[in-house]
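None of the figures in this text is laboratory data; all of them are computed from the coordinates on show. These numbers come from a predicted model, not from an experiment. Counting neighbours? That spans all protein chains shown, and the Cβs are built from the backbone with ideal geometry, glycine included.
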Amino acid sequence: MGWSGYTIYSGDGTQTRHYDFLKWAKVASEDEVFDNNWLQYNKTIVPKDRIPILFKNLNLIVNKMPKKQFWTEDSAIEWQMFAALLLDNQIKLPNIDRVRAKEATEYLIQESGDFDKPYLRRKHLRKFLEKLNNN
């Protein structure tokens, strides 16, 4: 996975996971998300009238998520991006999903040594963990 920075949205295949999540939850197609600029810099904003659909269909996303037997960078990022989508839209994460997202982020903190400035990566990941803890 290529990284252009240190934030949770700075890697290839990070924020773009939201396209799949929104499609799986029957909120919108990839074209609709793209055409209406739902993906913004460091945030994905779902229109207010679609939030109830997203909330109602969270299980459709979770059912397709990797099940934790062991973490990989990809599986951890997928759980982190799921949590980020909900946090971006002020949706409270179900407890089990919050725990998985926290575990995934903690794994990514441990694996941040490949970055040229791992302390910056860890700083952004800890900031995200703080958001999760306050959700």
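Quick look at the values:
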item: Test: residue in segment 95-115 that is surrounded by fewer than 19 Cβ atoms within 10 Å (Cβ to Cβ), among the hydroxyl-bearing types (S, T, Y), without any contact (Cβ under 8 Å) to a residue 60 or more places away in the chain and closer than 17 Å to Q15 by Cα; result: no
item: For E78: the one exception among (1) of a type outside the set (S, T, N, Q); (2) surrounded by 15 or more Cβ atoms within 10 Å (Cβ to Cβ); (3) free of Cβ contacts under 8 Å to residues at least 60 places away in the same chain; (4) closer than 15 Å to G11 by Cβ; result: (3)
item: Positions within segment 41-54 being under 15 Å from the mean Cα position of the chain (by Cα), surrounded by fewer than 16 Cβ atoms within 10 Å (Cβ to Cβ) and either polar (S, T, N, Q) or under 13 Å from L22 (Cα atoms) (or both), in sequence order; result: N42, I45
item: Residues being over 14 Å from the mean Cα position of the chain (by Cα) and not acidic (D, E) - total across segment 1-40; result: 18
